[in-house]
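The block underneath contains the structure these notes are about, expressed in structure tokens.
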């Protein structure tokens, strides 16, 4: 879209472009006269995670001038998107919005592959690894039935395997009384931190700006937020301001989001595999899902280890929470090894990772206006799944922000719900 078309679209949608200059902020918080006469970005995105970076890149490709502000930077170790790996599968029979997520996840897999093809010319690292995904259960359930129904309706390739077929293909996997095995051949695993770093790199190469700083609400005029305040004494103005704060939402907007977002912590372990034994490394085995656990094989070239994700611990402050997992919490993943991967019993722990999720009340994404500001958008509610949808979400959100996308059913599903968690997090 050229600049003239972009102005037409955003003007029709009610957005003001090219707001005021960068100004200094006094110690008491009052704004003083401009200290740097420079044009402001059309859009500010607060948060450089999966929601923020993919949205920023797609907004920019639609003609907007975009600045991303993040306290730590894209791909940092504290953000939800800053872990090492994330699974990309389409099995969402356990979600009320599972049909949409199944379709979007299939679209996302294709877009991850396209990104890698594009990235080779830019010398970007490979992100997507086509492992396939194996679901193992002792009995059928609504999750299994609904997943099959979604796959059948959308034409998603999958296989229903017998216990003997699982044992033949992957004899090192154990599952007592196995009754259900579903295999999704197109699924895979994405390098998470590298993905966000790659999107940020392309965003900057194509003209975007990423600024490190702690952002907060600035001046307002009626239902318009005129700017954001950034630590260090400046404010940054834009016609449209997007908050994609992940687990920081309850801190940034405590009254609005404090009881609409929960930020539990998940536990991830990377176990060392026996040297010279390729059974537990890509491409010898798929990612897997067993009751209470998901994981996948070690990936090249860094070979961090065999990944096991189990439960976690209660919420904590995302700025200060420890991201390693103490030994007293290692029993659960080791039991997974004993039950399903006995040849890894006693394996050394290469790394642990504790990361915050940010779950919404209904488990769906949040893409909506701030109720008090007509030019402010809220993006979040990843509910442990948003990362894989990044390439699709970014396109949808950018088009919606610019008034190009107008699907009322999608918008209703992604609205900020009136319902809240209770004070105990239930």
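Couple of notes before you dig in:
- Counting the residues of the stretch 86-97 that are farther than 14 Å from residue 184 by Cβ and either assigned to a loop (DSSP other than H, G, I, E, B) or at pLDDT below 95 (or both) gives 4.
- Qualifying residue in the stretch 203-213 (condition: out of contact with any helix residue (DSSP H, G or I) (no Cβ under 7 Å at 6 or more places or on another chain) and buried (at least 22 other Cβ atoms within 10 Å of the Cβ)): no
To keep it simple, each residue is scored yes or no on (1) under 21 Å from residue 176 (Cβ atoms); (2) more than 20 Å from the chain's Cα centre (by Cα).
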residue: 268; (1), (2): no, no
residue: 285; (1), (2): yes, yes
residue: 304; (1), (2): no, yes
residue: 313; (1), (2): no, no
residue: 317; (1), (2): no, no
residue: 344; (1), (2): yes, yes
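- Of the residues making up the stretch 52-76, those that are outside any loop (DSSP other than H, G, I, E, B) and free of Cβ contacts under 8 Å to residues at least 60 places away in the same chain number 0.
- Any chance residue 229 is on the phi < 0 side of the Ramachandran plot, surrounded by fewer than 20 Cβ atoms within 10 Å (Cβ to Cβ) and over 20 Å from the mean Cα position of the chain (by Cα): no
- Some residue of the stretch 243-253 being over 24 Å from residue 314 (Cα atoms) and surrounded by 20 or more Cβ atoms within 10 Å (Cβ to Cβ): yes
- Spans of strands (runs of 3 or more DSSP E) in the stretch 303-418 with at least 3 residues out of contact with any helix residue (DSSP H, G or I) (no Cβ under 7 Å at 6 or more places or on another chain) and either free of Cβ contacts under 8 Å to residues at least 12 places away in the same chain or not assigned by TED's automatic domain parsing to the domain that holds residue 238 (or both): 306-313, 349-356
The values are calculated or read from the model by the stated rules, or taken from the named source; none is laboratory data. Treat the numbers as computed from the prediction; the structure is a model and nothing was measured. No Cβ is skipped: glycine too gets one built from the backbone with ideal geometry, and neighbour counts run over all protein chains shown.
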